[in-house]
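Novice: The structure under discussion is supplied below as C-alpha cells; questions concerning it will follow.
The values are calculated or read from the model by the stated rules, or taken from the named source; none is laboratory data. Note that this is a predicted model, so its numbers are computed, not measured. Here the Cβ positions follow ideal geometry from the backbone for every residue, glycine too, while neighbour counts run over all protein chains shown.
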DNA sequence: GTCAATGCAAACATTTTGCAACTCT
DNA sequence: AGAGTTGCAAAATGTTTGCATTGAC
C-alpha cells in the first residue's frame, strides 16, 4: 500500500462498493461502511485480525465474523487485494485508486518494496497467449535481500530464515 | 510438477539432502528418507495431509508431526518448493532436477498449467536491479481461465469464484 | 415487513508443541 | 553415550458456521 486514500477517493470507493452490493441484493450496512473506510484510510498492508483490533480500538463495535465475511466482498469488487508475503499470514491491501504494483520481500528484515506492475502485466499477456490462457490477474513477488541488509552483513551467503515465532503463551 | 524423478535423480537428491542435514548436525533418519523418496517419486502437487495419507497407505508408519517438521527442511535445501494456488491450502512440489517453471491457474476448473520461468526470471533480474534489491527467487502465478473453460461458457464475463467447500461434517 | 447481516460462541482445519521413548552417528 | 528425532496427543491459530437478534431497504 503506497498511500492512504483521499476523502474523495473514499467516497468514490463507497459508491463502487454500494453498487456492487446492490447489484446482488446485498446491504450496505454501517459495519461494511466502517470497514471500507478504515481500510481505505490505511496506508499499510494488514491482516484480518489487525483490522479487527484497530477498529475496536477506534471504539467501533464489530464482530470478528463480520470482518471475515466482508473482506471477500471487498476483494471481489476489486477494492481490496490479497497479498501473500511469507506463509502463515494472509495480508490485504486496498488497491482502489492505486497504481498496480507488485512486491519485493526482504527475507532478512521483512521490508516490502513496491514496484510498478506494468512490465509484469506485459509479460503475463505474452505468456498467457503462448499457452492459450485467458489471463485475468497475476500474483508476483520477488524474494531476496534489500540493500541495507546486504550492506549490514555481506558475508551471509545463506539468507536467514524467518525464525518460527509463536504469538504469546506456551512455556 | 512435471514428472516423477528417475531412480538416479532420487539417489542424487538423497545425497543432497543428506549433505544438507549433516552440515548442520541433523540426522538422516529413515522417516526423512521415506518422505524424500515419496515426494521425488510423485509427479503431482501435494499438501502435507495428502502426503501423510499416501505414505500411510503405502504401509509406512509415520507421524503427522514428522511430515510437518520435515517439509521445511526439504524446502530450505531446495529440493521442494512451496506453491500457493488458491488460498486455503499450501501446496508443495519437488523441483529438484526439474526445469524452473511457474503456474497459470484456471479460476473456474482449477487446472494448473506450467510454463517455463526463464522469462520471468529475466524480468525479475531487471526489476531487482532497478530497485537495488538482491533477488534470490520469485513467486509468480497467472490467474485466469483456461481455453476449455472459455469455450464451454464464453458468456460468463465474471469468473466463477471457487465456492466455499468445507470438508465433511457440519449440520 | 422481509430478507440479509451481525455478534457470539462453538466448530473446524491446519499447524505447532511438549514430552517420553527411541535412533542415528 | 549423546544429541537429535519420532509419534502421540494436546494446544494454538486462523477461519468458518449456526443461530437468535438486529437492521437495511
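Novice: Name every residue in the stretch B:19-41 that is out of contact with any helix residue (DSSP H, G or I) (no Cβ under 9 Å at 6 or more places or on another chain) and either part of a helix (DSSP H, G or I) or within 8 Å of DNA strand D (Cβ to nearest atom) (or both), in order of residue number.
Specialist: Listed by number, the residues that qualify are B:19, B:22, B:23, B:25, B:30.
Novice: Hey, another quick one. Return the pairs, sorted by first residue and then second, in which the second residue is crowded, with 18+ Cβ neighbours inside 10 Å and in a loop (DSSP other than H, G, I, E, B), the first residue lies in the stretch A:135-155 and is in contact (Cβ under 8 Å) with a residue 12 or more places away in the chain, the beta carbons are less than 7 Å apart, and the residues are 6+ apart or on different chains.
Specialist: A:143/A:107; A:144/A:107; A:145/A:107; A:145/A:108; A:149/A:108
Novice: Could you list, in sequence order, all residues of the stretch A:42-68 that are within 13 Å of DNA strand D (Cβ to nearest atom) and within 16 Å of the chain's Cα centre (by Cα)?
Specialist: A:46, A:47, A:48, A:49, A:50, A:51, A:52, A:67, A:68 - these are the residues of the stretch A:42-68 that are within 13 Å of DNA strand D (Cβ to nearest atom) and within 16 Å of the chain's Cα centre (by Cα).
Novice: Quickly run through the stretch A:42-53 and pick out the residues that are at pLDDT below 95 and touching a helix residue (DSSP H, G or I) at 6+ places or on another chain (Cβ under 9 Å).
Specialist: If the condition is that a residue be at pLDDT below 95 and touching a helix residue (DSSP H, G or I) at 6+ places or on another chain (Cβ under 9 Å), then A:42, A:44 are the ones that fit.
Novice: Please determine, by comparing only the residues of the stretch A:61-83 that are surrounded by 17 or more Cβ atoms within 10 Å (Cβ to Cβ) and either within 29 Å of residue A:151 (Cβ to Cβ) or within 14 Å of chain B (Cβ to nearest Cβ) (or both), which one is nearest to DNA strand C (Cβ to nearest atom).
Specialist: Among those residues, the one meeting the criterion is A:73.
Novice: Which of the residues that make up the stretch A:88-106 are facing another protein chain (nearest Cβ under 7 Å) and either within 15 Å of residue B:137 (Cβ to Cβ) or without any contact (Cβ under 8 Å) to a residue 24 or more places away in the chain (or both)?
Specialist: Correct list: A:104 only.
Rundown of residues vs (1) within 7 Å of another protein chain (Cβ to nearest Cβ); (2) within 23 Å of residue B:132 (Cβ to Cβ); (3) more than 16 Å from DNA strand C (Cβ to nearest atom); (4) modelled with pLDDT under 95, yes/no style:
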{"position": "A:109", "(1), (2), (3), (4)": "no, yes, yes, yes"}
{"position": "A:116", "(1), (2), (3), (4)": "no, yes, yes, no"}
{"position": "A:119", "(1), (2), (3), (4)": "yes, yes, yes, no"}
{"position": "A:124", "(1), (2), (3), (4)": "yes, no, yes, no"}
{"position": "A:127", "(1), (2), (3), (4)": "yes, no, yes, no"}
{"position": "A:134", "(1), (2), (3), (4)": "yes, no, yes, no"}
{"position": "A:142", "(1), (2), (3), (4)": "yes, yes, yes, no"}
{"position": "A:158", "(1), (2), (3), (4)": "no, yes, yes, yes"}
{"position": "A:164", "(1), (2), (3), (4)": "no, no, no, yes"}
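For (1) touching a residue at least 40 places away in the same chain (Cβ under 8 Å); (2) farther than 24 Å from residue B:107 by Cβ; (3) out of contact with any strand residue (DSSP E or B) (no Cβ under 8 Å at 6 or more places or on another chain), each residue gets a yes or a no:
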position: A:16; (1), (2), (3): yes, no, yes
position: A:25; (1), (2), (3): no, no, yes
position: A:31; (1), (2), (3): no, yes, yes
position: A:57; (1), (2), (3): no, yes, yes
position: A:68; (1), (2), (3): no, no, yes
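Novice: Please enumerate the residues belonging to the stretch A:94-125 that are under 13 Å from residue B:102 (Cβ atoms) and out of contact with any strand residue (DSSP E or B) (no Cβ under 6 Å at 6 or more places or on another chain).
Specialist: Residue satisfying the conditions is A:123 alone.
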